[in-house]
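A quick write-up on the structure given underneath.
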Amino acid sequence: MLALTRKKGESIIVNDNIEVVVLGITGEQVRLGILAPKHISVHRKEIFEQIKNENKEAMQNVKEKIKSLKDLKE
């Protein structure tokens, strides 16, 4: 993990096309702004994990439905 120190208004660049800007600091909370191309999705980690789990469940359901269809065919 890379650990950086930035002040309000400063930023970091990731992969030449993503900029993370420190918008503000209040107590222990840091407000970040993220500038990224539209084709790159940006989510809070907890939302990303939820999406990943829902996709995994959906894929499992698809596999079960395909198996059911195969069983009907036989």
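The values are calculated or read from the model by the stated rules, or taken from the named source; none is laboratory data. Worth saying up front: this structure is predicted, and the values here are computed from it rather than measured. Cβ placement follows ideal geometry from the backbone for every residue including glycine, while neighbour counts extend to all protein chains displayed. Quick note on the areas: whole protein, heavy atoms, side chains included, nothing else; ligands and nucleic acids left out. Shrake-Rupley method; radii C 1.70, N 1.55, O 1.52, S 1.80 Å.
All conditions in (1) at pLDDT 95 or above; (2) part of a helix (DSSP H, G or I) hold for N55, with the sole exception of (1). Exactly one condition in (1) modelled with pLDDT of 95 or more; (2) exposed (fewer than 11 other Cβ atoms within 10 Å of the Cβ); (3) over 30 Å from E10 (Cβ atoms) is not met by E74; state its number. For E74, the exception is condition (1).
Against the list (1) of a type in the set (D, E, K, R); (2) open to solvent by 100 Å² or more (accessible area, probe 1.4 Å); (3) in a strand (DSSP E or B), the condition E19 fails is (2).
Here V62 meets the list (1) β-branched (V, I, T); (2) more than 20 Å from I18 (Cβ to Cβ); (3) at pLDDT 85 or above almost entirely, failing just condition (3).
Restricting attention to the range 1-16, which residues are among the charged types (D, E, K, R) and open to solvent by less than 70 Å² (accessible area, probe 1.4 Å)? Talk me through it step by step, then tell me what you get.
From the range 1-16, those among the charged types (D, E, K, R) are 6-8, 10, 16; that's our starting set.
E10 - this is the single residue of the range 1-16 that is among the charged types (D, E, K, R) and open to solvent by less than 70 Å² (accessible area, probe 1.4 Å).
Which residues, taken from the range 26-71, are open to solvent by less than 80 Å² (accessible area, probe 1.4 Å) and among the acidic types (D, E)? Of everything in the range 26-71, just one residue is open to solvent by less than 80 Å² (accessible area, probe 1.4 Å) and among the acidic types (D, E), namely E49.
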